[in-house]
Amino acid sequence: MITTKNKLGLVAAGALLALGASSASALTFNATGTGPITAYFYGQSAGYGSDLGLMVQNISQGTYGLQNHVTAPGTAFFLGNANIGDILVFELRVATSGGNGPSVSNPYSYSVFSDPTMNSDGQEHAQASAFTAGTYGIPDGTLVGFEDIVPFSSSDRDFNDHMFVFTGVRTAQSNPVPDGGMTFAMLGIALGGLGLLRRKL
């Protein structure tokens, strides 16, 4: 028997599957202007704690925030400044001991990056899609989802362990869409279906 709770779970599961269904290809991010790069926390589904940082032209900005287990969706965080055209790499620090994320008392275990060549397993740990303003009061930007498990072959490949919307960022190369496949952008469709289902139920 499919209960109301199960129906909602099926729709939510469809949204999560949409995040990881497109084929792998390196992501390249560039600053769209000269000024701040801001991240807005979108959500998470992870056992590990993690937080976010930024590298501009291969230089770490040294600022980390938006811990996934304690941050409210829509919370904004200033990552650093960039000049138009600068290459941006996002870093996710992961604390496998759990808790709320990396801290002085709970050091991070490893990092995964939006640039797969910087990851210890050489695999892509981030996917991206354009984001339209509205949800949680977040403005237009680029939605990025991370997979925090290393090696990638041991992960569930759902790319929803830490999700953010970045402003001031352009995706220069995104994941190609396989024939008949779902894409990261379909998350919005799936979440919209969840809302419709709630109203019907």
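The values are calculated or read from the model by the stated rules, or taken from the named source; none is laboratory data. This is a predicted model, so every value here is computed, not measured. Using ideal geometry, Cβ is built from the backbone for each residue, glycine included, and neighbour counts are taken over all protein chains shown.
Kindly provide the set of residues from the stretch 1-31 that are surrounded by 18 or more Cβ atoms within 10 Å (Cβ to Cβ), part of a loop (DSSP other than H, G, I, E, B) and at pLDDT 55 or above, ordered by number. Result: L27, single match. Being touching a residue at least 60 places away in the same chain (Cβ under 8 Å) and outside any helix (DSSP H, G or I) is the filter; apply it to the stretch 115-130 and report the residue that is surrounded by the most Cβ atoms within 10 Å (Cβ to Cβ). Residue satisfying both the conditions and the ranking: Q127.
Of everything in the stretch 44-78 that's among the aliphatic types (A, V, I, L, M) and not in a strand (DSSP E or B), which residue is surrounded by the fewest Cβ atoms within 10 Å (Cβ to Cβ)? Result: A72. Screening V104 with (1) buried (at least 17 other Cβ atoms within 10 Å of the Cβ); (2) among the β-branched types (V, I, T); (3) modelled with pLDDT under 80 gives one miss only, at (1). Within the stretch 136-149, does at least one residue satisfy the condition of being modelled with pLDDT under 85, within 15 Å of the chain's Cα centre (by Cα) and either among the aliphatic types (A, V, I, L, M) or assigned to a loop (DSSP other than H, G, I, E, B) (or both)? There is at least one residue in the stretch 136-149 that is modelled with pLDDT under 85, within 15 Å of the chain's Cα centre (by Cα) and either among the aliphatic types (A, V, I, L, M) or assigned to a loop (DSSP other than H, G, I, E, B) (or both).
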